[in-house]
Amino acid sequence: MEKLQQLYAGKAKSVYATANPDYVVLSFRDDTSAFDGEKVEQLSRKGEVNNKFNAFIMQKLAEAGIPTHFEKLLNPTESLVKHMQMIPVECVVRNVASGSLVRRLGVEDGMNLTPPVFEFFLKNDSLHDPMINEYHIATFGWATEQQVQRMKALTFEVNQVLKQLFSDAGMILVDYKLEFGVFKGEVCLGDEFSPDGCRLWDAETRKKLDKDRFRQGLGGVIEAYEEVATRIGVPL
Ligand code: C5P
């Protein structure tokens, strides 16, 4: 489908209109950002790796009955997706303590979390994505109660599917962030699932295979993403 005018440019992806108002083109760039856009670098091949990685994961989730915005891969760096109205809330599930949870609560990095922790954050860079709860979402009208319950249920369903998928490939899904939108009245998974938005550790060595390599200046960022992709069978 032909790409028309740009509708939106985020930190790592851009969105373009198509002739069909129900669909948009999601274009994955090589830009890599951290700390609310304070650290930005171009990492060669990232757009392509994340586009293909996301396509593979979205298809796995769809097979498991999870509604997603993904339609099809268009080319190495672009996918066709449903044109949703995005809900400005980020849903995070944590199976293992790391990142902001450790900083906030002073618990040990690497601690197993049973049951997994669920958190909402407001998607707002200038406010540094503050943590919010269901009351904030209701009061400020960011989503309906029904949508909130659906986002939570779908985020946990994703955990069941992906924890197993990564574990079968010798990795631990530490945590991840999802975003949802509404398409023709239905809450669907949007944005992307890639090593940019989750933490993945090698199950034996606990080597970090995700964007923490970029955040922490560990190097080998794209090499790690490619390793994860290869291990789970993403055709690169
Ligand atoms: O930073 P924090 O520990 O809260 O992140 C939890 C998970 O959500 C991590 O996997 C991180 O990569 C992801 N995340 C994200 N985008 C954000 C905030 C967090 O992808 N804006």
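The values are calculated or read from the model by the stated rules, or taken from the named source; none is laboratory data. As the structure is a computational prediction, the values presented were derived from the model and not from experiment. Please note: Cβ atoms are built from the backbone with ideal geometry, for glycine as well, and neighbour counts cover all protein chains shown.
A compact table of results
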| read-out | value |
| --- | --- |
| Region 61-89, residues that are part of a helix (DSSP H, G or I) and either among the aliphatic types (A, V, I, L, M) or buried (at least 19 other Cβ atoms within 10 Å of the Cβ) (or both) | Leu61, Ala62 |
| Filter pass, Asp36 being in contact with a His (Cβ under 6 Å, 6 or more places away or on another chain), surrounded by 13 or more Cβ atoms within 10 Å (Cβ to Cβ) and farther than 25 Å from Ala229 by Cβ | yes |
| Exclusive hit being at pLDDT 95 or above, within 11 Å of the ligand (Cβ to nearest atom) and small (Gly, Ala, Ser), set Ser79, Ser98 | Ser98 |
| Yes/no for Leu178 being over 29 Å from Ala9 (Cβ atoms), buried (at least 19 other Cβ atoms within 10 Å of the Cβ) and either more than 16 Å from the chain's Cα centre (by Cα) or not small (Gly, Ala, Ser) (or both) | no |
| Residue selected from region 1-30 under the condition without any contact (Cβ under 8 Å) to a residue 60 or more places away in the chain and among the polar types (S, T, N, Q), by the criterion surrounded by the most Cβ atoms within 10 Å (Cβ to Cβ) | Ser27 |
| Selection from region 183-209 of residues that are at positive phi and either of a type in the set (S, T, N, Q) or away from the ligand (no atom under 16 Å from the Cβ) (or both) | Lys184, Gly185 |
| Unique match (being polar (S, T, N, Q) and part of a helix (DSSP H, G or I)) among Thr230, Thr205 | Thr230 |
| Boolean, Val174 is within 15 Å of the ligand (Cβ to nearest atom) and within 24 Å of Lys60 (Cβ to Cβ) | yes |
| Any chance Val174 is hydrophobic (A, V, I, L, M, F, W, C) and under 12 Å from Val92 (Cα atoms) | yes |
| Residues of region 53-81 that turn out to be among the aromatic types (Phe, Trp, Tyr) and closer than 17 Å to Phe180 by Cβ, as a count | 1 |
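Matching residues to (1) assigned to a strand (DSSP E or B); (2) surrounded by 15 or more Cβ atoms within 10 Å (Cβ to Cβ):
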{"residue": "Cys91", "(1), (2)": "yes, yes"}
{"residue": "Glu108", "(1), (2)": "no, no"}
{"residue": "Pro116", "(1), (2)": "yes, yes"}
{"residue": "Ser126", "(1), (2)": "no, no"}
{"residue": "Ala138", "(1), (2)": "no, no"}
{"residue": "Met151", "(1), (2)": "no, yes"}
{"residue": "Val161", "(1), (2)": "no, yes"}
